[in-house]
Amino acid sequence: MPFDEHAERVLEVVARIPAGRVMAYGDVGRALGDRGPRYVGNVMAGYASDLPWWRVVRADGRPPLGHEDEAVRRWLEEGVPVVGGPLAAAAAGAGARADMARARWVPESPASVTQTGPAGSRGSLHHVEVWVDDLAVSGPEWGRLLARLGYRLGDDWGHGQAWELGSLYVVVESGPDVAGGHERHRAGVNHLAFHAGTRADVDAVVEHCAEAGWSLLFADRHPYAGGPQHYAAYLESSEGFEVELVAADGGGLDEARDPASGSRDKT
């Protein structure tokens, strides 16, 4: 089938599915508002080999037809909730099914799964470049975080990596031009903020990325360090970079919490 704007939008949605979650072909079509599961399947068959194709499943949770064994293996590696648990899935092999009640990922809104304007439109963000002191340390940290948020590794040139999400990409790079360590309290960019899905998605990313070296900032006010109506996690890398993971269903401060404890003045 020809590659067109609709096919690109399908691939952008697939690239955003977090590790450990899945969408049915019909879910992807509904997220775009105008495409059915057969169209999504055709796009996946033709263009998704470099994307996390195993995260797009049949309506009943079965893996993609013809790639069942590989998909189930990937599920077990990523911790996708499966019917009967991982041991049952491993025993079932190609007959395993994702537990759609727990594994299904729903984008926060249809508009959020694509660019706010056409790719390359005037004013849209093209890319972000982060210079780090030691890529051997920072590369795995940023890679774990960005992959969990749906980015895919597009290029790796030894002292740098480019992580892609649709037409946007984030570069993490080190080299001889880097002088001194990062300090977010000095003049310059303070932090990067990402849409991270639901509150449960935010919590899952925090737990997942702790294994790679990210630590939770403002733990005494988490998850409302940004204010009583703003559910988010603030993480710091081993080199002092800060990222904010924002929940789409922010919600209000739990009744048991003190509303005065939330503040945008996080420092």
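Here VAL72 passes the criteria (1) of a type in the set (Val, Ile, Thr); (2) within 15 Å of TYR25 (Cα to Cα); (3) at pLDDT 90 or above except the one numbered (2). Residues in region 59-68 that are in contact with a strand residue (DSSP E or B) (Cβ under 7 Å, 6 or more places away or on another chain) and surrounded by fewer than 18 Cβ atoms within 10 Å (Cβ to Cβ): ALA59 alone. Name the single residue, out of those in region 69-98 being assigned to a loop (DSSP other than H, G, I, E, B) and open to solvent by 40 Å² or more (accessible area, probe 1.4 Å), that is farthest from GLY20 (Cα to Cα). Across region 69-98, the extreme among qualifying residues is GLY84. Annotation note: Cβ proximity below 9 Å between a residue of region 14-40 that is more than 17 Å from ARG62 (Cα to Cα) and part of a helix (DSSP H, G or I) and a residue that is open to solvent by less than 10 Å² (accessible area, probe 1.4 Å) and of a type in the set (Phe, Trp, Tyr) (sequence gap 6+ or interchain) occurs for ARG16/TRP105. Annotation note: Cβ proximity below 8 Å between a residue of region 144-168 that is under 15 Å from GLU129 (Cβ atoms) and of a type in the set (D, E, K, R) and a residue that is in a loop (DSSP other than H, G, I, E, B) and open to solvent by less than 40 Å² (accessible area, probe 1.4 Å) (sequence gap 6+ or interchain) occurs for GLU164/TYR151.
Quick check on region 66-74. Is at least one of its residues in contact (Cβ under 8 Å) with a residue 24 or more places away in the chain and out of contact with any helix residue (DSSP H, G or I) (no Cβ under 7 Å at 6 or more places or on another chain)? Steps first, please.
Going residue by residue through region 66-74, those that are in contact (Cβ under 8 Å) with a residue 24 or more places away in the chain are 68-69, 72.
Cutting the leftovers down to out of contact with any helix residue (DSSP H, G or I) (no Cβ under 7 Å at 6 or more places or on another chain) gives us none.
No, region 66-74 contains no residue that is in contact (Cβ under 8 Å) with a residue 24 or more places away in the chain and out of contact with any helix residue (DSSP H, G or I) (no Cβ under 7 Å at 6 or more places or on another chain).
Taking region 44-58 as the range and being touching a Leu at 6+ places or on another chain (Cβ under 7 Å) and open to solvent by 40 Å² or more (accessible area, probe 1.4 Å) as the test, only TYR47 passes. Among the residues of region 235-246, is any outside any loop (DSSP other than H, G, I, E, B), surrounded by fewer than 18 Cβ atoms within 10 Å (Cβ to Cβ), at pLDDT 90 or above and small (Gly, Ala, Ser)? No: region 235-246 contains no residue that is outside any loop (DSSP other than H, G, I, E, B), surrounded by fewer than 18 Cβ atoms within 10 Å (Cβ to Cβ), at pLDDT 90 or above and small (Gly, Ala, Ser). Within region 182-194, residues that are within 14 Å of VAL132 (Cβ to Cβ) have Cβ atoms under 8 Å from residues that are loosely packed, with under 14 Cβ neighbours inside 10 Å in these pairs: HIS182/GLY240; GLU183/GLY240; ARG184/ASN190; ARG184/GLY240; LEU192/VAL128, counting only partners at least 6 apart in sequence or on another chain.
Those residues that are within 25 Å of TYR151 (Cα to Cα), open to solvent by 30 Å² or more (accessible area, probe 1.4 Å) and either of a type in the set (Asp, Glu) or touching a residue at least 40 places away in the same chain (Cβ under 8 Å) (or both), I need them from region 205-234; list them, please. Scanning region 205-234 gives GLU207, HIS208, GLU211, GLY213.
Taking strands (runs of 3 or more DSSP E) that fall entirely within region 135-194, which contain at least 3 residues that are open to solvent by 30 Å² or more (accessible area, probe 1.4 Å) and not acidic (Asp, Glu)?
152-156
Of all residues in region 196-223, those satisfying the criterion of being over 12 Å from TYR234 (Cα atoms), within 13 Å of the chain's Cα centre (by Cα) and not in a helix (DSSP H, G or I) are GLY197, THR198.
Please go through region 41-57 and pick out each residue that is among the aliphatic types (A, V, I, L, M) and assigned to a loop (DSSP other than H, G, I, E, B). Hits for region 41-57 are ALA48, LEU51.
The values are calculated or read from the model by the stated rules, or taken from the named source; none is laboratory data. Because the structure is predicted, anything quoted here is derived from the model rather than measured. Positions of Cβ are generated from backbone atoms using ideal geometry, with glycine treated the same way; all protein chains shown enter the neighbour counts. In case anyone asks, the SASA skips ligands and DNA or RNA and just uses the protein heavy atoms, side chains included. Shrake-Rupley method; radii C 1.70, N 1.55, O 1.52, S 1.80 Å.
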